[in-house]
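Take a look at the structure below.
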Amino acid sequence: MSGQQTLPRGWRGLSGAMAQTPALGWTFVYFFCLLSGYYVLRPVREAMGAAADVNAVFPPAMIQFFAGLGMPLDKYILQILFTCTFVIMLALQPLYGWLVSRHPRRVFLPTVYGFFIATLLLFYGLFDSGVAGRGMAFFLWLTVFNLFAVAVFWSFMADIYTNVQARAYYGYIGAAGTLGAFLGPVLTRTLVESVGIANLMLVSASLLSICVLCIIKLRPYAVAREARQQLSSGEQPMGGEVWAGLKLIVREPLLRWLAVLMLLAVGVGTLLYNEQAAIVRAHYPDPRQATAFYATIDLAVNTLTLVVQLLITRALLSRFGIAPALLIPGIGIILGFSILAASPLPIIVAIVQVMTRSSEFSLGKPARETIYTRVGREWRYKSGAAIDTVVYRGGDLTFVWLHKAFAIFGSSAVFGLGVLVASGMTFAAWRVLGEEKKLAPERSEG
């Protein structure tokens, strides 16, 4: 029996895919380094969001301002941070729209990552010198970075890969990112005690610099695909309005339902995230026990995600299309939240959290992204980015305040609301499938 035949099925498929498509190697390195760079910094952000001392998060002037209004910030840390994040996302939309409208791909892709690298160097100085209010600034920056950088990545992938290739490869690409998500916290845990938080900024900046190299190496593959399929070239500015992304979402049914799906999917996650925090505080008053609980969930999420991405996602998308991958997460969440509404115990919360996050990363996200390989560049770079940033944080903003209101009535009320939201999410996924079928067939490469 040959060496290829002795490999597990998932690895055989991965080996064959890399042999057929050389661009995959650089794609894997790109997404691996991107998520490694993010997850190196994510624990710093989480510590800021969970801080009990508002002086470690907010500038003194802001604390005094809200105190004068009779609104102590220690009661609304996440609500204030999510509100500010949404405002920033909305303000950045015209700037991003101008960048992608007026400049070709070879300019705006490195510019986006170059901006994030430059600001990481700025944060190195802020953390090294202990500037007050750096916690809030960093929380907001990292949240913006995560959404914009990942949105740009998937938009670029839709320039490189056909719809057939996307269904076959996006699971593997996601797995490369998941491995990066494993490495990031390991680097932080290993280095933070010896080098300090400030130097973690330099580690992340180095990983993002590798992403820029990958963009340069991958650009010829995008050019070649556009030439073969006679698509509009990304080497020319796409033009259009700076607000075109949001306007297209309002006008186009497919984009509108994708936005609704994103809004409600984020809503489910936000309700679960906030209620989980309340339940953990009640059951694990010892910070060490709470930290171990969260670490176990993250490990389980990443492990299950990786297994599904390597063994299931490719087969599901290639053989059955995107319908199962879009519908399974919603149905699973409805079941999980129904159980939680009756019995909101920490172990059940953990199971539902693992199921919710892993199904999004391994099934829902790859399925949605394959749709963008069949639409124009303005749809994926402008509207796709708007959905992944403004709509995403709009969901956070809406449901973080809804949770505050429903939490008064207890966990069962929160999870009951979650069942309704998950039902709406599943309906939106069904409508996306209906609109996706109306898209023109992908052009042949012949």
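The values are calculated or read from the model by the stated rules, or taken from the named source; none is laboratory data. Please read all numbers here as calculations on a predicted model, not as lab measurements. Note that each Cβ is placed from the backbone with ideal geometry, even for glycine, and that neighbours are counted across all protein chains shown. When the accessible area is computed, the model is the full protein with side chains, heavy atoms only, and any ligands, DNA or RNA have been set aside. Shrake-Rupley method; radii C 1.70, N 1.55, O 1.52, S 1.80 Å.
For this structure, a couple of remarks:
- Taking Cα centre as origin and charging only the Cβ of basic (Lys, Arg, +1) and acidic (Asp, Glu, -1) residues, the dipole magnitude of the stretch 255-407 rounds to 460 debye.
- The residues of the stretch 148-266 expose on average 39 square angstrom of accessible surface per residue, using a 1.4 Å probe on protein heavy atoms.
- Test item: Cα-centred dipole of the chain, Lys/Arg +1 and Asp/Glu -1 on Cβ, debye: 1000 debye
- Residue among P366, L402, S383 farthest towards the positive dipole end of the stretch 322-415, charges placed on Cβ: S383
- Protection-proxy order for peptides 353-361, 378-386, each taking the mean of Cβ atoms within 10 Å per residue, highest first: 378-386, 353-361
- Only helices enter the 222 nm calculation for the chain: every DSSP H run of n ≥ 4 contributes -39,500 (n - 2.57), and dividing by all residues gives -26500 deg cm²/dmol, rounded to 500.
- Rounded to 0.05, the FRET efficiency of the Q236 and L202 pair, given R0 = 35 Å and the Cβ-Cβ distance, is 0.45.
- The residue list G68, L92, L109 was ranked by how far each Cα lies along the charge dipole of the stretch 13-155 toward its positive end, using unit charges on Cβ atoms, and L109 comes out on top.
- Normalised by 2.2 N^0.38 Å, where N counts its residues, the alpha-carbon radius of gyration of the stretch 199-242 equals 1.65.
- Calculated over the stretch 278-418, the projected area of the Cα convex hull averaged across directions stands at 9.6 nm².
- Of all complete DSSP H helices in the chain, those with a Cα span along the helix axis of 27 Å or greater and a mean Kyte-Doolittle hydropathy of 0.0 or more are 23-49, 77-102, 105-129, 134-160, 163-195, 197-228, 253-283, 287-308, 323-342, 411-436.
- For I408, the accessible area of its heavy atoms, probed at 1.4 Å with every protein chain present, is near 140 square angstrom.
- For the stretch 301-446, the solvent-accessible area with a 1.4 angstrom probe is 40 square angstrom per residue.
- Accessible surface ranking for K437, K217, K365, 1.4 angstrom probe, highest first: K437, K217, K365.
- Qualifying GluC sites (Glu not before Pro) in the stretch 188-246, where qualification requires a DSSP coil assignment and no more than 16 other C-beta atoms within 10 Å, comprise E235, E241.
- In this structure, the residue pairs whose Cα-Cα separation is over 31 Å, taken from K404/K438; K365/K438; K382/K438, are K404/K438.
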